[in-house]
Every structure is written in C-alpha cells, then in structure tokens.
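Visitor: I'd like to ask you about the structure that follows.
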Amino acid sequence: MTNMESLFEVAVNKLATAITMQHTVPVIQVKKFSGSPADFDSFVQQYEACIAPLQLPEAKKFAMLKGVLEGEAEQAVRHLRIEDTSLARALYILKEQFGQPEAVIQYHLSKIFAYPRISNDDKDTLIKFATLLEDTVAVLEKHGFEHELFSTSNTLSAIKKLPERVVMRWLNFKDKKEREQEDRLGLTDFSAW
C-alpha cells in the first residue's frame, strides 16, 4: 500500500466515523411526563438540559420528546407528525395545557391544604411536610407569586397542619420577628424557619 493510499484510507475512516457519530442519537434519561402540573417545571428543566442542546434535526428531537411523554401529555401532542416544525408546536401545547403558572401553583398549594394534621410524635410526617412546604415556596418564588407567599390564609393553612408544640414555637418566633422588622411573615419565612 502506498503512502497516498494509506492517507486516503485514514481520511475515509475519519469521514465514516464523523458521519456515524453525526447520526447516532445518544441515550437520554429523561423522566416520563404524564401532564401533572406538579412535574412540569422539572420536566422542562430535564428537556432543556438533555434534549434541547443536542445537535440533531428538530424532527429527531421531537421524536425524543414524544418518547418521554405519557398519559394526557402524550395525548396532547399525539396528532403531530414527526417533522421539524412539530417540536416548537409540541412544546407550546405542553406549556399551554400543563405548564400554566396558576395551575402549577394551585396544585402545590392544594397539596398543603389537603395535608393531614401532624401528631406530636410523628417526626417523619413533619419532615415530609417541611419538604412539601419548601417545594411549594420554591415554585411560588420562581413564578413571582408574592401575594400567595404572603397570604395570611395560606400561611395559616400550613400552620394548622403542625403539632401544637411546633405551632407555639412558630408563634413565638413570628411575634419576635415581626417586632424586629415590622413586616408580615409568610410562607417563605415559615418554610425557612
């Protein structure tokens, strides 16, 4: 084999590798999305981190997106054909049907409102409630729902779920803070406490 043939063979192999890599779709682990407003923000973050940045045609990205949808979310975009123009349309449909901030907020607040009253000796349930409260506050802050964060009724609904001894500690903390800063405390303060 001559030097020229060897260089040609190397160039052909590199070109074949580049073409193969260009059409190889990586395995992406994105949690299935069923349409629950509670999962919408997480789903969008996973999509933007794992699928959106890929250097693939929009039709392939849309096919990948459809592969992680199930239930109501899958039904919402089922009618779309796998083509480049469908990706933007699908993302719009999903946001309109499942990602409206009001629906997301209402879902999170309803979880707090429906939470059972926590007994004095149930630390595990208290920890779960604290986590739920932190998640709800994070969503409210993300979407700029200041009114909901400082709503007296929302804060009281959360406080009513606590054991009596914890309620007393919260009330003492709240009175002291409000005297110091003369601001009304809300869910953000309650969650951080």
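The values are calculated or read from the model by the stated rules, or taken from the named source; none is laboratory data. Keep in mind the model is a prediction, meaning the values are calculated, not measured. With ideal geometry, Cβ positions are generated from the backbone for all residues, glycine too; neighbour counts draw on all protein chains shown. Accessible surface is based on the protein model in full, side chains and every heavy atom, while ligands, DNA and RNA are left aside. Shrake-Rupley method; radii C 1.70, N 1.55, O 1.52, S 1.80 Å.
Yes/no per residue for (1) in a loop (DSSP other than H, G, I, E, B); (2) touching a helix residue (DSSP H, G or I) at 6+ places or on another chain (Cβ under 7 Å); (3) farther than 27 Å from LYS123 by Cα:
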{"site": "ALA138", "(1), (2), (3)": "no, no, no"}
{"site": "SER153", "(1), (2), (3)": "no, no, no"}
{"site": "ALA158", "(1), (2), (3)": "no, yes, no"}
{"site": "LYS161", "(1), (2), (3)": "yes, yes, no"}
{"site": "VAL166", "(1), (2), (3)": "no, no, no"}
{"site": "PHE173", "(1), (2), (3)": "no, no, no"}
{"site": "LYS176", "(1), (2), (3)": "no, no, no"}
{"site": "GLU180", "(1), (2), (3)": "no, no, yes"}
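Visitor: Any idea which residue in region 39-55 is least open to solvent (accessible area, probe 1.4 Å), counting only those that are part of a helix (DSSP H, G or I) and of a type in the set (Gly, Ala, Ser)?
Guide: SER42
Visitor: Give region 144-156 a look and list any residue that's small (Gly, Ala, Ser) and surrounded by fewer than 15 Cβ atoms within 10 Å (Cβ to Cβ), or say none.
Guide: Answer for region 144-156, where residues must be small (Gly, Ala, Ser) and surrounded by fewer than 15 Cβ atoms within 10 Å (Cβ to Cβ): GLY144, SER153.
Visitor: Could you figure out which of (1) under 20 Å from GLN45 (Cα atoms); (2) touching a strand residue (DSSP E or B) at 6+ places or on another chain (Cβ under 9 Å); (3) among the polar types (S, T, N, Q) isn't true of GLN97?
Guide: Here GLN97 meets the rest and fails (2).
Visitor: Of the conditions (1) under 18 Å from the mean Cα position of the chain (by Cα); (2) open to solvent by 70 Å² or more (accessible area, probe 1.4 Å); (3) under 30 Å from ALA192 (Cβ atoms), THR131 fails just one. Which one is it?
Guide: Going through the list (1) under 18 Å from the mean Cα position of the chain (by Cα); (2) open to solvent by 70 Å² or more (accessible area, probe 1.4 Å); (3) under 30 Å from ALA192 (Cβ atoms), THR131 breaks only (2).
Visitor: Looking at (1) modelled with pLDDT of 85 or more; (2) under 21 Å from PRO101 (Cα atoms); (3) open to solvent by less than 50 Å² (accessible area, probe 1.4 Å), can you tell me which one GLU141 breaks?
Guide: Looking at each condition in turn, GLU141 falls short on (3).
Visitor: What are the residues in region 101-128 that are open to solvent by 60 Å² or more (accessible area, probe 1.4 Å), under 18 Å from the mean Cα position of the chain (by Cα) and not basic (Lys, Arg), if any?
Guide: GLU102, GLN106, TYR107, listed by residue number.
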